[in-house]
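Values in this text are rule-based calculations from the coordinates and carry no lab data. These numbers were taken from a predicted model, which means no experiment stands behind them. Methodologically, a virtual Cβ is constructed for each residue, glycine included, from the backbone with ideal geometry; neighbour enumeration extends over all protein chains shown.
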Amino acid sequence: MFQVMSPRGAQWGLKVLLWIARRLVPWFPFCFLLACADEDPKWHGDTAFTAEERAAIEEGAAFTAARVGQPMPVIVWDGPIDGERSIKREKPDPKLCPEIGGNCAGWVGTHHMLLEPLQPDQLRIVAAHEFGHTFGLVHHDAPGLMSPTAAVFEWTQADADELK
Ligand SMILES: [Zn+2]
């Protein structure tokens, strides 16, 4: 619904904006110097993951990071799992992956990852794949880690071709 603001409402809106701007301005030079490191670079993992599952996820993340030439993502198993860069122990909603028939074991949005609790061997593949997305890799149709139905913990030529 859209409502045209009354002049009085607009005046208040402007006041609020000015108040916010005044609060932000003193911080701007710091933000600039720190290259606006607006985000916590760490991933926050769900405390519900077992020790075995955590190890599998870390192995998967390290596997992909090494292949794309990026630093290993730092994962702390502290939650909060609903914030930025969180990894939740949850099977993604089927609506999130219609292209593979709705049976997705993992999903990652801009800064939010869902991983279905699976056997460590499977979970490692899913985590490696989802971290691949965080490094900018997209799906391909050939066998390999970035196949949407990846079932083998492997890095193939099709995966490597995505780095070109
Ligand atoms: Zn994917």
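Sequence-ordered 3J(HN,Hα) estimates for segment 107-113 from the Karplus curve with 6.51, -1.76 and 1.60 and θ = phi - 60° stand at 7, 9, x, 4, 9, 9, 10 Hz, glycine and proline given as x. For segment 117-130, putting each phi into the Karplus relation 6.51 cos²θ - 1.76 cosθ + 1.60 with θ = phi - 60° gives couplings of x, 10, 4, x, 4, 6, 4, 4, 5, 5, 5, 4, 5, 5 Hz, in residue order, rounded to whole numbers and with x for Gly and Pro.
Annotation: amide H of W43 within the under-5 Å range of V74, I75, V76, sequence separation 5 or more or interchain, hydrogens built in the peptide plane. Could you pull out every one of the aspartates and glutamates with an alpha carbon less than 20 Å from that of K91, ignoring same-chain neighbours closer than 8 positions? Counting by Cα, and skipping residues close in sequence, K91 has these aspartates and glutamates nearby: D46, E52, E53, E58, E59, D78, D82, E99, E116, D121, E130. Dimensions of segment 43-161 from C-alpha coordinates, computed as largest minus smallest value along each principal axis and given longest first, are 36, 32, 26 Å.
Taking a point 7 Å out from the Cα of E90 in the direction of its Cβ, the residues of segment 112-129 whose backbone N falls within less than 13 Å of it are 112-117.
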